[in-house]
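The values are calculated or read from the model by the stated rules, or taken from the named source; none is laboratory data. Quantities reported herein were computed from a predicted structural model and do not represent experimental measurements. Note: ideal-geometry Cβ built from the backbone for every residue, glycine included; neighbour counts use all protein chains shown. Please note that ligands, DNA and RNA were not included when accessible areas were found on the heavy atoms of the full protein model with its side chains. Shrake-Rupley method; radii C 1.70, N 1.55, O 1.52, S 1.80 Å.
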Amino acid sequence: MVLWTVLSSVPYIFTVERGNVVILAVAALLYYANYYNSEDAKQRWLAYLGLSVAVSLKLYPVLMGLLILQRSEERRVGKE
């Protein structure tokens, strides 16, 4: 149901119609958001790859990289 709502939304149809690469950046960011905190190293690596693809297409996904920095700060606090 949610997938249908997203695929039939006006912004999605507009980006597909215009051939905009934003849709690819959003897909890569969604993958990153789902798996950046995964216990599986392969999934986590692919999530970082998705973030790098999104950043190479558009600049604003750099903000999602703040999740990595926040996570690394939590690890440092836990080791003290």
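Read through the list (1) open to solvent by 80 Å² or more (accessible area, probe 1.4 Å); (2) on the phi > 0 side of the Ramachandran plot, then give the number of the only condition that G19 fails. Result: G19 passes all but (1).
The C-beta contact set for the range 58-69 (first residue closer than 12 Å to Y36 by Cα, second residue not aliphatic (A, V, I, L, M), distance under 9 angstrom, 6+ apart or interchain) comprises M64/Y32; M64/Y36; L67/Y32; L67/Y36; L67/N37; I68/Y36; I68/Y48. Looking at the range 29-67 only, could you name the residues that are exposed (fewer than 12 other Cβ atoms within 10 Å of the Cβ) and of a type in the set (A, V, I, L, M, F, W, C)? Passing the criteria: A41, L59, V62, L63, L66. For the range 23-62, give me each residue that is over 25 Å from V10 (Cα atoms), among the aliphatic types (A, V, I, L, M) and more than 9 Å from the chain's Cα centre (by Cα). Once the filter is applied, which keeps residues that are over 25 Å from V10 (Cα atoms), among the aliphatic types (A, V, I, L, M) and more than 9 Å from the chain's Cα centre (by Cα), the range 23-62 yields A41, L46, L49, V62.
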